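The values are calculated or read from the model by the stated rules, or taken from the named source; none is laboratory data. Everything numeric here is computed off the predicted structure, so don't read it as measured data. Glycine also receives a Cβ, built like all others from the backbone with ideal geometry; neighbour counts cover every protein chain displayed.
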Amino acid sequence: MNQILVLEGSPREGNTSTVTDWVLAGMGRGNKVTRVKLCELNIHPCQECFTCMKTKGGAGCAQEDDMVELYDKMVDADLVLWTSPIFCWSVTGQTKMVLDRCFALLTGEDLLKGSKWALVLTAGGDAFDGADLAVAMFSRLSRFGGIKYLGQHVVAPCPDGAKLKKNLGLRAQAMAFGKELAKTLRA
């Protein structure tokens, strides 16, 4: 059984949640899925104090907030599935704050090295409406941290609400991405 950690960057239940549901459905049964809504956590921005660089065997972050528990979940996960709508040409602020704080896991013992990440994005505009920048950010951070980046599923332009839910083609594409993720995890 694979441990899937879904870090939901959207501050509401909307298009990104719908697409994420489809991706998870494509992954099939037999996975333990933990979904975390980042907007419900008390997470502070990285202070770049470099305490984490002096710590071995753990995250070593000087801040004591909900990120401490999230660090453990990220390290234990077989797959971290990051999800976010595109806001102002990037991922949401909640997503970016957690991503920045991952620096504490990339120093010291390199606790994310060899872990697997994937990305689900929705955007109101086309892929050049910021989704391309978010993909570049995740793939570069993954490369830096020795993380196996398994790819992304981007829905852009994403129809809203009922139109999205009725779109069988977009549903099939999201489920196909989920099947590919599941196949990679089994390999």
Six or more apart or on different chains, Cβ under 9 Å: which pairs go from a residue in segment 116-145 that's outside any helix (DSSP H, G or I) to one that's among the charged types (D, E, K, R)? Could you list them? 116/78; 116/148; 117/148; 123/129; 124/160
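Residues checked against (1) among the aromatic types (Phe, Trp, Tyr); (2) out of contact with any helix residue (DSSP H, G or I) (no Cβ under 6 Å at 6 or more places or on another chain); (3) outside any strand (DSSP E or B):
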residue	(1), (2), (3)
5	no, no, no
12	no, yes, yes
19	no, no, yes
22	yes, no, yes
26	no, no, yes
32	no, yes, no
39	no, no, yes
44	no, yes, yes
Does residue 28 qualify as being in contact (Cβ under 8 Å) with a residue 12 or more places away in the chain and on the phi > 0 side of the Ramachandran plot? yes
Identify all residues within segment 1-60 that are under 24 Å from residue 150 (Cβ atoms), out of contact with any Leu (no Cβ under 9 Å at 6 or more places or on another chain) and of a type in the set (A, V, I, L, M); write none if there are none. 1, 25
Being at negative phi and touching an Asp or Glu at 6+ places or on another chain (Cβ under 8 Å) narrows 145, 93 down to just 145
Taking the options 67, 74, name whichever one is at pLDDT 90 or above, surrounded by 19 or more Cβ atoms within 10 Å (Cβ to Cβ) and over 17 Å from residue 150 (Cβ atoms). 67
Here are some conditions: (1) within 18 Å of residue 8 (Cα to Cα); (2) buried (at least 20 other Cβ atoms within 10 Å of the Cβ). Residue 135 meets all but one. Which one does it not meet? (2)
Could you figure out which of (1) more than 19 Å from the chain's Cα centre (by Cα); (2) modelled with pLDDT of 90 or more; (3) surrounded by 15 or more Cβ atoms within 10 Å (Cβ to Cβ); (4) not aliphatic (A, V, I, L, M) isn't true of residue 47? (3)
